[in-house]
Amino acid sequence: MLNISTLEAHHLTNNPENDTQPNWVKSTTYDPAGESIVCTSNRDENPEIYRMKTDGTDQVNLTQNPANDALAKGSPDGSLIVFTTDRDENQEVYSMRIDGANPTNLTNNPAGDFGPC
């Protein structure tokens, strides 16, 4: 993370695997401060969606699924996270609550769906 005021950079994650595709989520449901970060991480040997506080603490694996889960983004009201997954043997867009509960397939067709926004 880069502090805009001081231009000082800080690591939010520190593990030997890749942590990529970070995105801000505005939600007081998870953090009373109203913001968190979701990202894709390979630390569990396959891509998973993680959520953390903006200072990098409280990192939680939200997807815990053997499929490839990636490209997470928060909904405008911060209540949901949308992401891409191949858990249906095809790239589909799913949503889940900010706590990772209730994963729901939003697309269901033979074409690959990815990159929710």
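Based on the Kirkwood radius over alpha-carbon pairs, what value in µm²/s does the Stokes-Einstein equation return for the translational diffusion coefficient of region 1-115 at 25 °C and 0.890 mPa s?
D, rounded to a whole number, is 170 µm²/s.
Net charge near Pro22: determine it from the other residues with C-beta under 11 Å of the C-beta of Pro22, scoring Lys and Arg +1 and Asp and Glu -1.
With Lys, Arg at +1 and Asp, Glu at -1, the net is +1.
Please give the Cα centre distance for region 5-26 versus region 99-113, rounded to the nearest Å.
Region 5-26 and region 99-113 have Cα centres separated by 26 Å.
Relative contact order for the chain: what is it in percent, counting Cα pairs under 8 Å that are at least 6 residues apart?
Worked out over the chain, it gives 18 percent.
Ignoring solvent entirely, what values of log10 I(q)/I(0) come out of the Debye formula for region 30-88 at 0.15, 0.19 Å⁻¹ when each Cα is a single scatterer?
-0.42, -0.66
What's the local net charge at Tyr94, with K and R +1, D and E -1, over the other residues with C-beta under 10 Å away? If you can, show how the numbers build up before the last one.
Numbers: positive: Arg87; negative: Asp69, Asp88, Glu92, Asp113.
Counting the neighbours of Tyr94, the net charge comes to -3.
How charged is the neighbourhood of Cys39? Take every other residue with its Cβ under 12 Å from the Cβ of Cys39, and add Lys/Arg as +1 and Asp/Glu as -1.
That sum, taken over residues with Cβ under 12 Å, equals -1.
Order of 59-67, 9-17 by packing, highest average Cβ count within 10 Å first? Could the numbers behind the result be given before it?
Values: 59-67: 16.7, 9-17: 10.3.
Taking the mean over residues of other Cβ atoms within 10 Å, the ranking is 59-67, 9-17.
Values quoted throughout were computed directly from the atomic coordinates according to the rules given, and no laboratory measurement underlies them. Values in this document were obtained by computation on a predicted structure and should not be read as measured data. Every residue, glycine among them, receives a Cβ derived from its backbone with ideal geometry; neighbour counts consider all protein chains shown.
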